Amino acid sequence: MKNKIYLLWLIGATLLSSCAQEKKVHEYTSEEKEMASAQLNEYFKTEFQKEVEESPMMQTRLGMKSDYGKWDDFSNLKYAEDLEQAKTRLEYLDKIDVAALDEETKLSYELYRRQVKNEIEDYDYRFYNYPIEQMHGLHAELPAFLINMHRIDSLPDAKAYISRLSGLEKVMDDIIEQLKLREQNGIVPPKFVFDRTLDASRNIVKGKPFTRSAEASALMNDFSSKVEKLEISKDQKTSLINEAETALVDHVQPAYNNLIEFLENQQKRASDEAGVWKFPKGDEYYSKALNRMTTTNLTAEEIHEIGLSEVARIHGEMEKIMEEVGFEGSLEDFFNYMKTDEQFYYKDTEQGRVAYLNKAKDLISKMKNELPSLFNTMPKADIVVKAVEPFREKSAGKAFYQQPAVDGSRPGTYYANLYDMKAMPKYEMEALAYHEGIPGHHMQIAIAQELENVPDFRKYSFYTAYVEGWGLYSEYIPKEMGFYKDPYSDFGRLAMELWRSCRLVVDTGIHAKKWTRQEGIDYYKENTPAAESACVKMVERHIVMPAQATSYKIGMNKILDLREKAKSQLGEKFDIREFHDVILTDGALPLTVLESRVDSWVKTKTR
């Protein structure tokens, strides 16, 4: 026992020995590596637990009910606290002798250190975003969190919901202070953002108990419907609903009224300039944003050119489909045909929306049956399909995925936005379901959450190029399996890939080449079959989420390149299921790290 204690102390001392001191080369035994790796993994576990403890909202997302009535800290002071924490972590990591770690822990070390370094480097740009914007603004995300994440299984859960309603006033005050500080630093959203976010904010305080309307507000309706399902007395339910009404009127309404007043005032000072080039050091910021989102060193110009090349290639493939279906006319004529012909759209009625959801569910169900041919590893979590809620559908994106709860209490969810049925054509349904559902985000995110023997921080890491690259790659996989039998559906797949390729052009156009919002919209309208409303939404997304949309195509291209490289090297030894395991069973990775993992796998297969 003494020997083991001494060995543990010795390895700890080696791990934490100063980098400034000259180290002797030491060949570690397997036992030493095992113990050193265990020590570092315990550190990762402790630090992740700190992150969870600091975030009541993360606790809820993970299915936990600790701090159930609280919100995260949205004050400006949190940035400085997080910076100091990151610096402390980097100091610890820099003292570690990586040679003392096993291979899996070396990967964890590399990923964790990268995250910490990025956090420190990004501190100077902490105000270079818009907390209130039409895509994922906190004005809509916080109510959506309550509706989608806060379960009410008991009376204490209901009390916690009411506590969160009351706490929204403080949260909104902090958010307004953040907006003021950003304006002092020259960060103000363009004019169009205000119309979208003001409309959504007013929707939150519309209906009972805010007005005499017969229809309940979104939050009141959510709380009441959840409480009604509790097995408690009628008097208790009535009391809870009354408490919620009071919290809504006394705290939520003032919170949103204050936000609305601030936004109305700031709107007068906003301009139409869209790109981040207008910010102080905007070019430097955009370069860093591209690096973070793509996890590559590609420049804005290089990404722009990749986009132009991909657009031209896909246009050529679409022209072949035109010939296949016997369409006479130009590609632009074909786009217009696909935009306007009623056969390609469900009706803009409740029945049409139900029909869309039913078809989407059917697509997910059919693909489930094919998964064993693609994957050795399957997620335990199920997936459901839902329409985006009415209170946020006008400004929300076309479709998105919500991860499942770790404890199995909430499945993964594929959300389809059915606000504008003309923006959701039938011919894109397959590709959309495969991207957001399976084999796309559900397979990737659910599998990552369920990984064993990796630190928790890796289960919840999010590298956009990897995550969205996998989603776009997942639109393509079914083509190889014989799906997209209808040529119009295959056109839809190409239309989705074209959409992501245009993003490379427009994002860099707006933020690096000073394109206007309208120039971006016109590019989409001229080069894609998308509805004008979808073109507008996408350009407005580029504007408030710089560089994010470039990650999809860059990530997809990298995964396809890695697959082709592995195929050429392995020949008959190549197994698509094993390849997908390599891609998915380490959690989200930067593209450079992903490439090294695939290369290592290929080497093990060729020995």
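Since every read-out is calculated from the coordinates, none of them should be taken as a lab result. Just so we're clear, the structure is a prediction, and the values are computed from it rather than from any experiment. Cβ placement follows ideal geometry from the backbone for every residue including glycine, while neighbour counts extend to all protein chains displayed.
For this structure, a couple of remarks:
- Long pairs among Lys159/Lys237; Lys78/Lys288; Lys320/Lys485; Lys191/Lys268; Lys191/Lys514, criterion Cα-Cα beyond 19 Å: Lys78/Lys288
- The range 566-607-the range 221-260 distance, computed between alpha-carbon centres (Å): 52
- For the range 80-135: rounded, prolate or oblate by the Cα gyration tensor [a/c cutoff 1.5]: prolate
- Residues of type aspartates and glutamates that Lys50 reaches as a straight line, Cα spacing below 15 Å, ignoring anything fewer than 8 places off in the same chain: Glu42, Asp67, Asp72, Asp73, Glu81, Asp82, Glu84, Asp456
- Evaluated over the range 219-276, the Cα radius of gyration and Dmax, each in Å: 18.6, 57
- Counting only DSSP beta bridges with both residues in the chain, the antiparallel share comes to about 40 percent.
- Note on the range 319-368: Rg/Rh from Cα positions, Kirkwood definition for Rh, rounded to two decimals, is 1.13.
- The overall shape of the range 138-272 is prolate: from the C-alpha gyration tensor, with semi-axes ordered a ≥ b ≥ c, the ratio a/c is 1.5 or greater and a/b exceeds b/c.
- Spacing of the two label points (7 Å from each Cα toward its C-beta) at Glu578 and Ser239, in nm: 6.4
- Those lysines that a straight Cα-Cα span of less than 24 Å connects to Lys603, excepting residues fewer than 8 apart in one chain: Lys33, Lys106, Lys558, Lys565, Lys567, Lys573
- When only Cα pairs below 8 angstrom with a gap of at least 6 residues are kept, the chain shows a relative contact order of 15 percent.
- Shape category assigned to the range 213-348 from the gyration tensor of Cα positions, a/c cut at 1.5: oblate
- Taking the Cα centre of the chain as reference, the dipole from Cβ charges on Lys and Arg (+1) and Asp and Glu (-1) amounts to some 600 debye.
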